[in-house]
Structures are given as C-alpha cells and as structure tokens.
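One structure is given below, encoded as structure tokens.
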Amino acid sequence: MAVISFANVKGGAGKTTTALLLGMDLIRQGYSVAILDADPQGWIATWFALSPPNERFTVTSGVTTANLPGHLRRLHNSVDHILVDLSGAGDVLVALAAGLSDLVLVPVQGCALDGRGAARVLELIQYVESNARTRINHAVVLNRVSAIVTTNAIRNVMTMLAGRGVPMLQTAIVERRVYRDLFDHGGFLHELDEAKVSNLAQARMNAESFSDEVQALLISGQEASLAAPYARFCYQRESRSNLAAHAV
Ligand SMILES: Nc1ncnc2c1ncn2[C@@H]1O[C@H](COP(=O)(O)OP(=O)(O)OP(=O)(O)O)[C@@H](O)[C@H]1O
Ligand SMILES: [Mg+2]
C-alpha cells in the first residue's frame, strides 16, 4: 500500500488531473485505488459520479487536517493505493499529508507563478524533514507541456528547480483535450473509444509512462520505514485501539 499526495499551493497546477490520471492507470493495472479529495470544489467526486461504476475505485470527499489520519487508518489495509488530492490552500494539511505520504508529487505548469507555488510546497517538505529528522520522498512533475515544443517558460522552471536539487519526473504530462474533457464526461482513459477521441493513444501512453515512473519511485522495506514520518504514529494508534477493542 502506498499513500501518494498531490500538492501545489498554486491553484490550477494540475493536482486533480495528475491524481486522476494516476488513479485511472493504477485501476487499468488491476490495483484498487482510493482517492481522498481535500479540494472543496470536489472535481474528482464530479468525475466519479459521471463514470461507470468500478468496485476497485472509491472517492472520499471532505478530507481535512482533522480527518485525514482517520481515513488513512480506515483504508490502509483494504486498498492498494491511496491518492490524496490536496487543495490549493492550507499549509497545515499539506504538511500533514506530506508527513503521512510515501510520495508527494508536485505538479508544476511551465510558468513562473506555478514555480513559486511549488517552491512553497518544497519549503514545507524541507521544514517537516528537518523537524522530524527524516526524508520525504517527493518529485516535481511538469504538467500541460506542449506535445510539440518546449517553451522558454518550461525551461526556466526546470532550471530553477534543478538548481535547488529538486527531484523531477522525466515524464511530463502533455496538454491534452481529453484530460480536460474527462471532468465533463467522466469515464476511464483506457475505456474511452479511440474513434471518438482524438490523440487518445498518445494520451494513454503519456499517462502510462507517468504511472510507471511514479510506481518506480515508491520505496519499500527498510528505506520506506524512514520516510513518511507521521505514518507510524497514525497506524500505531490503530493497532493499539484494535488491541483495546479485542481486550474488552
Ligand atoms: N495536462 C492537461 N491537459 C489539459 N488540461 C489540463 C491539464 N492539466 C490540467 N488541465 C486543466 O487545467 C485546469 C486546472 O487543473 P486541475 O484542476 O488539475 O488543477 P489543480 O491543481 O487541481 O487546481 P486546484 O488548485 O483548483 O485544485 C482544469 O480545467 C484541468 O482540466
Ligand atoms: Mg484540484
């Protein structure tokens, strides 16, 4: 089981889109996925309501700082992957989610403002890392990249982040109409009809290579126990309350 959070304090960077692309591809690969939706706009819930039912996919809305640990305790033994779609605001929830996650993905659009929103998340991650004396597995993923050209703005963001030693995914998410349309029409990328959606094969390939790279970043075993500093407390409490429940 892995918890993957999507964070960028800049709205519209692509947190919800990248969370959904990853979630859909994990479903395609046969995993079960729970999305915890911390965004009051609830785009994932809207997509879910429009989509064909899938028993391996669940969406929980209204996720807050107060209930996130409880949701993780509830889900961590029953699903393969938990994706946390954070909203653009709320440093405390971002810091908590980062401390509870096996991986934090920071989507960034190729413009300076987005770079700054990502920098705020990266500062928060560093803050949690230094206070908890641990490492938080994280990476930036470029989003809405042109399929044809690499713009100067994107090069600038990449140079700025590389200069700070920020880990970056090799796969950038391309600007695709189908990624936007998913929120209007619902449906899973791998189930859409190629005859009705232009560039669907390329969109699927892009989402698959994103998902493969993300899965390769998930750490396991001894190393994983050093990451996600708050997770142990979160699950320990669960095992204690289970013990207490069995004792009565
Ligand atoms: N790769 C993409 N191709 C096409 N449209 C995209 C892509 N990524 C994001 N979008 C569109 O950009 C808008 C913002 O994206 P998204 O909702 O994923 O960002 P967000 O970071 O979750 O925003 P918020 O902070 O408001 O939650 C949406 O309309 C979405 O459909
Ligand atoms: Mg969102």
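The values are calculated or read from the model by the stated rules, or taken from the named source; none is laboratory data. Remember, it's a predicted structure, so these values are computed and weren't measured experimentally. Neighbour counts are summed over all protein chains in view; Cβ atoms, including those assigned to glycine, are modelled from backbone coordinates with ideal geometry.
Numbers at a glance
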read-out: Filter result for I136 (touching a residue at least 24 places away in the same chain (Cβ under 8 Å), within 14 Å of ligand 2 (Cβ to nearest atom) and touching an Asp or Glu at 6+ places or on another chain (Cβ under 7 Å)); value: no
read-out: Some residue of the range 169-184 being over 18 Å from the mean Cα position of the chain (by Cα), surrounded by fewer than 17 Cβ atoms within 10 Å (Cβ to Cβ) and more than 10 Å from ligand 1 (Cβ to nearest atom); value: no
read-out: Selection count where residues are at pLDDT below 95 and either in a helix (DSSP H, G or I) or under 18 Å from I173 (Cα atoms) (or both), scope the range 192-201; value: 3
read-out: Contacts under 7 angstrom Cβ, first residue in the range 178-195 being away from ligand 2 (no atom under 16 Å from the Cβ), partner among the basic types (K, R), 6 or more apart; value: L189/R204; H190/R28; H190/R204
read-out: Enumeration of residues in the range 172-190 that are hydrophobic (A, V, I, L, M, F, W, C) and either touching a helix residue (DSSP H, G or I) at 6+ places or on another chain (Cβ under 7 Å) or not in a loop (DSSP other than H, G, I, E, B) (or both); value: I173, V174, V178, L182, F183, F188, L189
read-out: Total residues in the range 85-127, condition of a type outside the set (S, T, N, Q), within 12 Å of ligand 1 (Cβ to nearest atom) and on the phi < 0 side of the Ramachandran plot; value: 14
read-out: First in the range 68-90 and within 22 Å of Q41 (Cα to Cα) and within 12 Å of ligand 2 (Cβ to nearest atom), second anywhere and in a strand (DSSP E or B) and of a type in the set (D, E, K, R), Cβ under 6 Å, 6 or more apart; value: D85/D37
read-out: Pair list, Cβ under 6 Å, 6 or more apart: the range 21-45 residue free of Cβ contacts under 8 Å to residues at least 40 places away in the same chain, other residue assigned to a loop (DSSP other than H, G, I, E, B) and within 16 Å of ligand 2 (Cβ to nearest atom); value: G42/S61; A45/S61
read-out: So S51, is it of a type in the set (S, T, N, Q) and at pLDDT 95 or above; value: yes
read-out: Any hit, the range 72-80, residues being surrounded by 18 or more Cβ atoms within 10 Å (Cβ to Cβ) and charged (D, E, K, R); value: no
read-out: Number of the exception - L50 against (1) without any contact (Cβ under 8 Å) to a residue 40 or more places away in the chain; (2) among the aliphatic types (A, V, I, L, M); (3) over 21 Å from V214 (Cβ atoms); value: (1)
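To keep it simple, each residue is scored yes or no on (1) within 17 Å of the chain's Cα centre (by Cα); (2) farther than 19 Å from A203 by Cβ; (3) more than 14 Å from ligand 1 (Cβ to nearest atom).
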| residue | (1), (2), (3) |
| --- | --- |
| T17 | yes, no, no |
| L20 | yes, no, no |
| G30 | no, yes, yes |
| D39 | yes, yes, no |
| G42 | yes, yes, no |
| R56 | no, yes, yes |
| T65 | yes, yes, yes |
| L75 | yes, yes, yes |
| H81 | yes, yes, yes |
